[in-house]
Amino acid sequence: VSLHKPEIKLESLKEDIKDFLKASGWEKKLQNAVYSELNVFPSPCHPAAPPEHMKEPLAYMRKAQGSWEKRILKSLNSMCTELSIPLAQKRPVSEQKELLNKWNEMGTDEPDLSLFRPVYAPKDFLEVLMNLRNPNYENGEHASFRNHLGLIQVPLKVKDIPELKEDFSELGLNIGQLGIDDSAQVPPEFFENEHVRVGQKVLAEQDSAAAQQYVRQGCPTALRADLWALILNISNQPEDILYYEQLKSNVIQHDLLVDSLIYKDVKLTASNDDYYFVFEDYLYQVLLCFSRDTSVLEHFTYSSATPPKSYIRGKLGMEEYAVFYPPNGVIPFHGFSMYVAPLCFLYHEPSKLYQIFREMYVRFFFRLHSISSHPSGIVSLCLLFETLLQTHLPQLFYHLREIGAQPLRISFKWMVRAFSGYLATDQLLLLWDRILGYNSLEILAVLAAAVFAFRAVNLMEVTSLAAAEAVLADLSTLKVMPLLQIFLFATVT
């Protein structure tokens, strides 16, 4: 329409379009959309690299991920057979009506789930990671790697403390942080008031990149929901709300076997958690919709994982009768619902909560349960954790190893869940601020090592794995930011 106006001249068209984008606010929206893509998608591979390199450049990692997926599917299929329940079926109309009526209080439902078991738990996954080997290293004695005494035996490059200090420089001891109560340099209330003022300005500007930089020093509680949405480029437009409603109607119409796995997981984890049990209904809504969301399949272009396929009865192996199952390609495991639970504190509108979770999943959380060589992938995090401990707390590391209490056996579950359900919620949100701020999960490994450093004196006295686990059983009193700062910036390197 604007182009037909007489004052628009062809020779100044480029400038006019720029001015129009600025004035209409579209310039910011486009910038944020581009920034969001850059944050999510990997940098381009070498032009000659085969397409699977986009997913994972190391062949042995791809192979390990493939055989792990077969194991998960086998577990799912045997459950189907044992319980003689189909993977998916249409709900009878009466059941559809009933589900629609109690959509907001699904937690009151007590279906008998005694026969369902989680497809796998984090400790099963750890066993697989411990057996990973790079076939090229098997015969050659590779000196520098042979002295890695942890459970992870693959030679990936992980950062040392000087590199981590540089990467996480905004966590430095002389920089104001939310989550540090007694910073000597800046009185906390002065820093907080100023930080809130800057945060409001960042929100007014609606600039994703600025918001991402800002949250590296922590988010004020009142601004967190809006800042995270800005970083993740989520605006909850009418079409987004409509999309969520369509997912909901898919849940109402079809019953999937994974629904029972989701119910069971919420009952086993969040429902028993002092912080999260109140959000039980939200968790069902979000996770049931998530399992139906085919847009989640897009993340498999840069994930080492491949979505599982199911064949229509009697058509096994015939590709034209194959469908992804579940429709989003993600089979939930024990603890999966804890990725959503903390977000319920921030977002009370189901469609917005849903979008934030989906974006957090396709950016970050999928890396915590797939086998890859990515620096934020769980294999690298385990190796980073073990290397930090072995380098900076060698006596503790050797002691625990000698008594059969390999530290990773204790910390693995924290990292797989991004510490959700282990830290107090206010501390967890401060940690997740930094995950978003640095667009990296490496901080999980650093925090896991910092927890061991903090409890080192007690751990040096234990004589068994059970005793070590008892020392680290309760992390709910820990303060995340001082732990990270002391470990990174006060450790002698």
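The values are calculated or read from the model by the stated rules, or taken from the named source; none is laboratory data. Quick caveat, the model's predicted, so the values are computed rather than measured. All Cβ positions, glycine included, derive from the backbone under ideal geometry; neighbour counts span all protein chains shown. Ligands, DNA and RNA are excluded from the accessible area calculation, which covers all protein heavy atoms including side chains. Shrake-Rupley method; radii C 1.70, N 1.55, O 1.52, S 1.80 Å.
Quick notes on this structure:
- Full extension of the segment from GLU402 to LYS157, taken as 0.36 nm per residue of separation minus the current Cα-Cα distance, would add 85.6 nm.
- Residue-normalised accessible area of the chain, expressed per residue, 1.4 Å probe, Å²: 47
- Net charge over other residues, Cβ less than 11 angstrom from the Cβ of LEU230 (K, R count +1; D, E count -1): -1
- With R₀ fixed at 30 Å, the C-beta to C-beta distance from SER476 to LEU113 puts the FRET efficiency at about 0.65.
- In the context of the full protein assembly, MET338 retains an accessible surface of approximately 0 Å², using a probe radius of 1.4 Å and ignoring ligands and nucleic acids.
- Per-residue 3J(HN,Hα) values for region 333-339, derived from phi via the Karplus relation 6.51 cos²θ - 1.76 cosθ + 1.60 with θ = phi - 60°, read 10, 5, x, 4, 5, 6, 5 Hz in sequence order (x marks Gly and Pro).
- For TYR120, the accessible area of its heavy atoms, probed at 1.4 Å with every protein chain present, is near 10 square angstrom.
- A 1.4 Å probe, protein heavy atoms only, puts the accessible area of CYS219 near 0 Å².
- Extension gain, ARG71 to VAL278, is 71.1 nm, computed as 0.36 nm per intervening residue step minus the present C-alpha separation.
- Cα-centre dipole for region 302-421 with unit charges at Cβ (Lys and Arg positive, Asp and Glu negative), debye to 20: 160
- Solvent-free Debye calculation, one equal scatterer per alpha-carbon of the chain: log10 I(q)/I(0) at 0.05, 0.09, 0.10 Å⁻¹ equals -0.21, -0.69, -0.85.
- Once backbone amide H atoms are built at 1.01 Å from N, ALA88 has LEU257 as its partners under 5 Å, excluding neighbours fewer than 5 places away on the same chain.
- For region 343-360, the residues whose amide N sits under 20 Å from a probe point set 7 Å from the Cα of SER295 along the beta carbon direction are 343-344, 347-360.
- Residue order by solvent-accessible surface for LEU381, LEU151 is LEU151, LEU381, largest first, with ligands and nucleic acids left out and a 1.4 Å probe.
- What separates the Cα centres of region 254-269 and region 73-100 is a distance of 11 Å.
- The value of relative contact order for region 248-386, using C-alpha pairs under 8 Å at least six residues apart, is 25 percent.
- Under 5 Å from the amide H of LYS309 lie the amide H atoms of TYR325, each residue being 5 or more positions distant or on a separate chain, with H modelled from the backbone and absent for Pro and chain starts.
- Nearest-0.05 FRET efficiency for SER235 and HIS348, computed from C-beta distance (R0 22 Å): 0.85
- Label point distance in nm, ALA88-ASN101, each placed 7 Å from Cα along Cα→Cβ: 2.8
- Counting only lysines at least 8 places from LYS165 when in the same chain, those with an alpha carbon closer than 24 Å to its own are LYS157, LYS479.
- For the pair GLU52 and LYS165 in one chain, pulling the backbone fully straight at 0.36 nm per residue adds 37.4 nm over the alpha carbon distance.
- Label-point separation in nm, SER12 to GLN213, each point 7 Å along Cα→Cβ: 3.2
- In this structure, the pairs whose alpha-carbon distance is over 23 Å, taken from LYS90/LYS264; LYS28/LYS352; LYS264/LYS413; LYS29/LYS248, are LYS29/LYS248.
- Look at the alpha carbon pairs under 8 Å that are at least 6 residues apart: their mean separation over the length of the chain gives a relative contact order of 21 percent.
- Heavy-atom accessible surface of region 377-493: percent carbon and sulfur, 1.4 Å: 56
- Each residue, ASP124 and GLU37, gets one label point 7 Å from its Cα in the Cβ direction; the gap between the two is 3.9 nm.
- Built amide H within the under 5 Å cut-off of HIS254, gap 5+: ARG91
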